[in-house]
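Visitor: Take this structure first; my questions come after.
The values are calculated or read from the model by the stated rules, or taken from the named source; none is laboratory data. These numbers were taken from a predicted model, which means no experiment stands behind them. In this analysis, Cβ positions are derived from the backbone assuming ideal geometry, glycine residues included, and neighbour counts consider all displayed protein chains.
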C-alpha cells in the first residue's frame, strides 16, 4: 500500500492520469489480494495468483463511500486483471528503478489474458431506434439532461467522462473543437461537427456559460452532472438497445466514419487517439479536413437519430459533394465581378 501511495504521489507520467478512475479501480483490485504484502517478498507466483483471483471474481466487493449514495464497486474479470497487472508492473518498475528497494520486477513476464475485442456497434436502424428512445425519455424532465448528453456522445465519439465533465473553457466555437485539458492521452484537441457546435452555441446564447463552469452541471453548478449511470440504465432498460454502453457509441462513431470513407489516421484524430507524432504536439489549429470530417460523421449520425432513411456512397470520395464544396470555397466575393463562363466552371 505504501509503495502504491508513493507511486501516485510522484509527478505523473505523461501517459498516466493520477486521477483516472480506471487506475483507482485497478489499485483497489490489487489491494484486496496483495495490499498487505512486503514488496521485497513479492514473487512472480504471487502476481500470477493475484491475476487469476481477479479473473475469477474473487476481488468482487461493494462498499459505501463518503459521498451521498456513493459506492465503491469492484467486479473483477479478464479486463480488470489485465489492466491491474500492467499497473502493478509500472509500480514495481518504479520501486526498482527509482527507489532501489527491489532488483527484479516480479510482474515482468507474467502472461496476461487478452482483452476481449469489442465489436458491438450501432447500425443505421439502431441509430433510429436510439433517437426514438431518447425522444421518449426526454418527455420526462428528470432525463432531459441525460438524453442531451447521450446525443453528444453519439455525435462526437468522445469518452463518457470527457463529455460529462467538459467545461465551457474547453469548447472552442471559433475553431470548432474541444480542447480537453485532462484525458486518457493528456491534453487533447478534438474536431467537432456543426450539429455539436450549434448545440453548445445555443446553450451559450441562453446564458448557460454564466451559470456554471460546466456545460452539463449537476445539482450544484460548481460540479459536473453526476446522475448519468443511473439514468442511462433506466432509459435503456427493456429496450432493444439495453446492451448498448457509452463505449459502444464511441465505437459506432468510429465505424460510421470508416463506412463514410475516412482513413484510419483521420478517425484516430476524430477520437483523440494518441498518434505519437512529435509534430502533433505543436499543432494548435485543426486541419480543415478534420473539421469537415467531423461535420460529415456527426451530421450523418444526427440525421439517422432523427429518423432519416439515407443512401450514401463513400462520402469522402463522392464527386458531387466535392464539387459543391469546391465551388462554395472558390465563390467570389459579392463585390468582385465574375464572368458567366467563370460561374459555369464553378458550378460544373
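Visitor: Answer yes or no as to whether residue 346 is modelled with pLDDT under 75, surrounded by 12 or more Cβ atoms within 10 Å (Cβ to Cβ) and outside the structural domain of residue 131 (by TED's automatic domain parsing).
Guide: yes
Visitor: Moving to a separate point now. Enumerate the helices (runs of 4 or more DSSP H) found wholly within the stretch 177-291, keeping only those where 2 or more residues are modelled with pLDDT of 90 or more and closer than 26 Å to residue 306 by Cα.
Guide: Correct list: 194-205, 228-236, 246-259, 264-271.
Visitor: Which residue out of 29, 62 is under 30 Å from residue 249 (Cα atoms), surrounded by 11 or more Cβ atoms within 10 Å (Cβ to Cβ) and either at pLDDT 75 or above or in contact with a strand residue (DSSP E or B) (Cβ under 7 Å, 6 or more places away or on another chain) (or both)? If you could, list the steps in order and put the result at the bottom.
Guide: Numbers: 62 fails: surrounded by 11 or more Cβ atoms within 10 Å (Cβ to Cβ).
Within the list 29, 62, the selection yields 29.
Visitor: Here's something else I'd like to know. Got at least one residue in the stretch 76-99 being at pLDDT below 85 and at positive phi?
Guide: yes
Visitor: Regarding the stretch 209-221, can at least one residue be identified that is within 25 Å of residue 139 (Cα to Cα) and touching a residue at least 60 places away in the same chain (Cβ under 8 Å)?
Guide: yes
Quick grid of which residues meet (1) under 23 Å from residue 240 (Cα atoms); (2) in a helix (DSSP H, G or I); (3) touching a helix residue (DSSP H, G or I) at 6+ places or on another chain (Cβ under 7 Å); (4) not assigned by TED's automatic domain parsing to the domain that holds residue 299:
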position	(1), (2), (3), (4)
87	no, yes, yes, yes
91	no, yes, yes, yes
111	no, no, no, yes
114	no, no, no, yes
119	yes, no, no, yes
136	yes, yes, no, no
142	yes, yes, no, no
147	yes, yes, yes, no
150	yes, yes, yes, no
